Amino acid sequence: MLSFSSHEEIITNRKELFERTKWTDATSHLQNRVKGEDLSKYFLLTDSEKIGIRDTIRLNVSSTPYYLSLSDPFDPDCPIRRMIVPNSSETVLSPEESPDPLHEERLSPVRGLTHMYPNRVLLFSNHSCSVYCRHCMRGRKVSASSERMSKEELEVAIDYIRKTESIEDVVISGGDPLNLSDTRIDWILGELESIPHVKICRLGTRNPVTLPFRINQALCEIIEKHNTDRLSIFCNTQFNHPKECTPDAKHAILALLKAGVSVGNQAVLLKGINDDPETMLVLHKKLLEMRVRAYYLYDPELIPGSRGFRTPLGKGIEIIRYMRGKIAGMGIPQFVNDLPGGGGKITLSPDWYLGYEKSTRKHAFVSAVTGKIHYSFEPEGSEEFVYKEFQEDMGGMD
């Protein structure tokens, strides 16, 4: 049962929460995580949020004190708050939604492993995260104790990888793999390092965003130990808004970089949070300052209760068009749709290519910088490819 607090009580409650948390100790943050029934102590809830907390059909609610400290307790439109607190849109199941739209379970040869691409697999190492983000596309697994992976189950999954020589690349996800103990992480990385055909390991973690203190010296030493000429370790994280780009987050990123780990960002396009072109540009400028390269911008998945986050497909293309020419290419993510039904990822982008004029061997392009048409020539004697015909009926030609 929720009990509701006044402005003054909320400010006092937040202060007490932050003071009892040992701020640079990741364990203390996990021990003091805020659950759904306690949100009213730290936010002045709207009616929609009260309904969402009570009736959500998604995953459980949980936030570290650190991540909660980035949110506004009195502004329901605060982007961080939107990723922490459910609202009434989470209580509605739309006809097109599915708990597993990507068919990850159907493509699972053994428990905890998805084998969608021939040379790559996704290993679900655990079910726990530091923050249960409301847009999480694996709500069917995350926060559910029944999805906990025992060591024996992990051994079976790793044995499948060992026996399947086509697998070169293993993505470790969950939940958040960095919520595992140092001992378990050390063991998993050691097992993968011992498999000759596994060359790449990618850690999928949001802890640099939601619990940066987890990226401590002991963890980095473990990662660096296994980041060898036999196994190359990468990290993909998820910053979704400039407010998440804090000094603590940058410190965590720098620690990973010093361990030899390249860090990329996989943002999710979220309605009312970051679906503004300038917000996305500022985010990726800040990420480059933190030495994080852009990787993906995800179109939201068709998961239960997600209608409040989903945007039109054209919105992502509009954002990429806006960013081009305003930031270095390494700061522009690929806009991707992970196709329902296990179709894998496809990239979507503005159509800069206008067509080909065969008589002059000229390709026509529209410039993201000038907005004008520019030409490039096809080599003489090239007949191998067929291009769409350029219709020269546009103004502003260069």
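The values are calculated or read from the model by the stated rules, or taken from the named source; none is laboratory data. From a predicted model like this one, the values you see are computed outputs, not experimental measurements. Here the Cβ positions follow ideal geometry from the backbone for every residue, glycine too, while neighbour counts run over all protein chains shown.
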ask   = Somewhere in region 340-354, is a residue farther than 30 Å from ILE303 by Cα and surrounded by 17 or more Cβ atoms within 10 Å (Cβ to Cβ)?
value = yes
key: Failed item in (1) modelled with pLDDT of 95 or more; (2) polar (S, T, N, Q); (3) crowded, with 22+ Cβ neighbours inside 10 Å; (4) more than 27 Å from LEU192 (Cβ to Cβ), with SER306 passing the rest   = (1)
key: Filter result for the condition that a residue is buried (at least 18 other Cβ atoms within 10 Å of the Cβ), touching a Gly at 6+ places or on another chain (Cβ under 8 Å), polar (S, T, N, Q) and over 29 Å from THR91 (Cα atoms), over ASN126, ASN227   = ASN227
query = Within region 335-344, can one find any residue that is aromatic (Phe, Trp, Tyr) and not assigned by TED's automatic domain parsing to the domain that holds LEU122?
reply = no
task = Those residues that are surrounded by fewer than 20 Cβ atoms within 10 Å (Cβ to Cβ) and in contact with a helix residue (DSSP H, G or I) (Cβ under 9 Å, 6 or more places away or on another chain), I need them from region 142-151; list them, please.
result = LYS151
request  = Answer with yes or no whether LYS163 is of a type in the set (Lys, Arg), at pLDDT 95 or above and in the same structural domain as HIS197 (by TED's automatic domain parsing).
outcome  = yes
inquiry  = Checking the condition under 27 Å from SER146 (Cβ atoms) and in the same structural domain as THR210 (by TED's automatic domain parsing), which residue from ASN126, ASN87, ASN60 passes?
reply    = ASN126
query = Which helices (runs of 4 or more DSSP H) sit wholly inside region 175-292 and have at least 2 residues that are farther than 30 Å from THR311 by Cβ?
reply = 182-193, 217-226, 247-258
query = Any residue in region 99-117 that is farther than 30 Å from GLU165 by Cα and either not aliphatic (A, V, I, L, M) or not assigned by TED's automatic domain parsing to the domain that holds LYS151 (or both)?
reply = yes
key: Candidate set: region 255-279, residues that are among the small types (Gly, Ala, Ser) and farther than 25 Å from THR347 by Cβ; chosen: the one surrounded by the fewest Cβ atoms within 10 Å (Cβ to Cβ)   = GLY260
note = Filtering region 4-32 down to residues that are among the charged types (D, E, K, R) and either without any contact (Cβ under 8 Å) to a residue 24 or more places away in the chain or outside any helix (DSSP H, G or I) (or both) yields GLU8, LYS15, GLU16, GLU19, ARG20, LYS22, ASP25
message = Of all residues being of a type in the set (Ser, Thr, Tyr) and out of contact with any strand residue (DSSP E or B) (no Cβ under 7 Å at 6 or more places or on another chain) in region 275-324, which is farthest from SER367 (Cα to Cα)? Just the residue, please.
response = SER306
key: Exclusive hit being closer than 16 Å to PRO177 by Cα, assigned by TED's automatic domain parsing to the domain that holds PRO177 and surrounded by fewer than 16 Cβ atoms within 10 Å (Cβ to Cβ), set ALA252, ALA218   = ALA218
message = Take ILE273 and tell me if it is under 25 Å from GLY52 (Cβ atoms), in contact (Cβ under 8 Å) with a residue 60 or more places away in the chain, in the same structural domain as ASN227 (by TED's automatic domain parsing) and in contact with an Asp or Glu (Cβ under 8 Å, 6 or more places away or on another chain).
response = no
ask   = With respect to SER94, is the statement that it is over 21 Å from PRO300 (Cβ atoms) and not assigned by TED's automatic domain parsing to the domain that holds GLU301 true?
value = no
query = Looking at (1) under 18 Å from VAL171 (Cβ atoms); (2) buried (at least 19 other Cβ atoms within 10 Å of the Cβ), which is the one condition that is false for GLY139?
reply = (1)
query = Based on what the data block shows, is CYS245 farther than 22 Å from ARG82 by Cα and either modelled with pLDDT of 95 or more or crowded, with 19+ Cβ neighbours inside 10 Å (or both)?
reply = no
task = Give the residues of region 335-372 that are under 30 Å from THR311 (Cα atoms), without any contact (Cβ under 8 Å) to a residue 40 or more places away in the chain and β-branched (Val, Ile, Thr), sorted by residue number.
result = ILE346, THR347, VAL366, THR370
inquiry  = Which condition from (1) touching a strand residue (DSSP E or B) at 6+ places or on another chain (Cβ under 9 Å); (2) surrounded by fewer than 22 Cβ atoms within 10 Å (Cβ to Cβ); (3) not hydroxyl-bearing (Ser, Thr, Tyr) is the one that HIS197 breaks?
reply    = (1)
